[in-house]
Amino acid sequence: MTKAEILYELNLKELIGTSFEDMIVISDMKVGEYNAHNNIATYIINGHVQHLVYTPEGGIFYMDFFGGEVTGINFSFSNRMVEKSKRFDVDIIAKKPSKIAYLPFEKLMDLRFDGKSKAIEKLLMMGVKEHFEKSKYFLLKNMCSDEEFFIKYLERSKTIDTRGTKELSELLNIKQRSLQRFLKKLQEYEIIDRSSGRIQIKDQARLEEYKKRFEK
């Protein structure tokens, strides 16, 4: 996928042919590879990456992203306006072989090109959508039981590559003992398969039946 194709895919045709297009950096990442990149806005061309977001207060939270998703628009603009000591830092780690594009949207304000106001308006709307999706994620975490949240995460991910339940429990903010209990039960019902550090759905029909217990 070319830089112009990425901009077209994001409905940012106004940026095609501008100097911003040249600023986009496309990178291949191997499984387990880390990349610290504080421009933050990224488009996941393909694969599966995880963002480790460090807050100024010393906290950390995790978000997973997959092919076709764009993230970090709000951070990209806020980093320009917020003093360095109060910024969020981000590490990116590839959970699967991935290709990602770094999009330094914060530099748009210094450029001159036709359609600039339209492009920024689109980015603001994308930022609103991004904020909504992240809020929905955290709301879902608070509304669901840990077991239901794990199942929703599994269905979204399709396949979870993990070195162990400790890493996964930290990612999902679920107690390791509880997670181990969920996994054992799902294996006993032959809903999931666990092998070679990978968790994946084995029988979707059984999972649909199992999910009925969560219906209100």
Legend entry - Summed side-chain charge close to residue 14 - residues other than residue 14 whose Cβ falls under 9 Å, Lys, Arg +1, Asp, Glu -1: +3
Inset, instruction - With 19 Å as the limit, write out which pairs from 152/202; 95/158; 3/158; 99/152; 95/185; 13/118 have Cα-Cα distances beyond it, or answer none. - result: 3/158; 99/152; 95/185
Legend entry - Contour excess over end-to-end distance, with Cα ends at residue 211 and residue 144 and 0.36 nm allotted per residue: 22.9 nm
Legend entry - Residue-by-residue Karplus 3J(HN,Hα) for segment 178-194, coefficients 6.51, -1.76, 1.60, Hz, glycine and proline x: 5, 4, 4, 5, 4, 5, 4, 5, 5, 5, 4, 7, 6, 8, 10, 10, 10
Legend entry - Residue-span extension gain [residue 129 to residue 28] - 0.36 nm each, minus C-alpha spacing: 33.7 nm
Inset, instruction - Using 0.36 nm per residue of separation minus the Cα-Cα distance, give me the extension gain between residue 69 and residue 5 in nm, one decimal. - result: 21.6 nm
Legend entry - residue 50 paired with residue 193, simple spin-label distance in nm, labels 7 Å along Cα-to-beta-carbon: 2.3 nm
Legend entry - segment 144-214 - Kirkwood radius from inverse mean 1/r over Cα pairs (Å): 12.1 Å
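Read-outs: derived from the displayed coordinates by stated rules, not from any lab. Being a predicted model, the structure only gives us computed values, none of them experimental. Please note: Cβ atoms are built from the backbone with ideal geometry, for glycine as well, and neighbour counts cover all protein chains shown.
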